[in-house]
Structure formats: C-alpha cells, structure tokens
1. Using a ≥ b ≥ c from the Cα gyration tensor of region 37-88 (square roots of the eigenvalues), is it rounded, prolate or oblate, where a/c under 1.5 gives rounded and otherwise the larger of a/b and b/c decides, a/b for prolate?
2. Could you work out the helix-only [θ] at 222 nm for the chain, with each DSSP H run of four or more residues adding -39,500 (n - 2.57) and the total divided by the number of residues, to the nearest 500 deg cm²/dmol?
Amino acid sequence: MAILIIFLLGIGNFALHQAIMESGHPLLDQLPWFYHALSSRLSLFVEFLMLLGGLLLASEGIAWGALGYLAYSLLNAISAWLILSGRV
C-alpha cells in the first residue's frame, strides 16, 4: 500500500514540477546557468531519483523512507502553490 501511495505522490510531484517549469515565473530566471544548459533534465532526473529512493525504501519496509517522501511531497506542493499563485 505504501508503494502505491508513494507512486501516486510521485506522479503528483512530476505534474507540479512540469507546471512550475511551464509557468514562466521570474524565479526560474534566477536558476544557475547549468540548469538552463541542461534544459531542466537535471531537475527531472533528481525528481526521479527522489521517487526511486522512496519506492526502494518502502519496498524494504523502511517506514521513514515513506514518511520522508511524504514530507518531501508536502513541501513540494506548498512551494508549487506559493509559486503558481504568485505569492512568491
């Protein structure tokens, strides 16, 4: 059950990531040069590694891995809300 929840949270994290990247927010202009040079593939790869780590820890029955990914997802959702709503 934890694996399914983490997988669904991962889908949501990728969707939020894509929404932020397409928003054209001025905050994106402040990212380092290598981020723009790799055309955001690096951030998607890091997002994938976070999801993979959460799934692997949950598959081994390590509860803090699932809780850690849940906390990461909540922080990701809050930051996406702040950026997309124009509060930042």
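1. Taking the square roots of the gyration eigenvalues as a ≥ b ≥ c, region 37-88 is oblate.
2. Mean residue ellipticity at 222 nm (helix-derived): -26000 deg cm²/dmol.
No value in this document is a laboratory result; all are computed from the given coordinates. What you see is a predicted model; the values in this text were computed from it and never measured.
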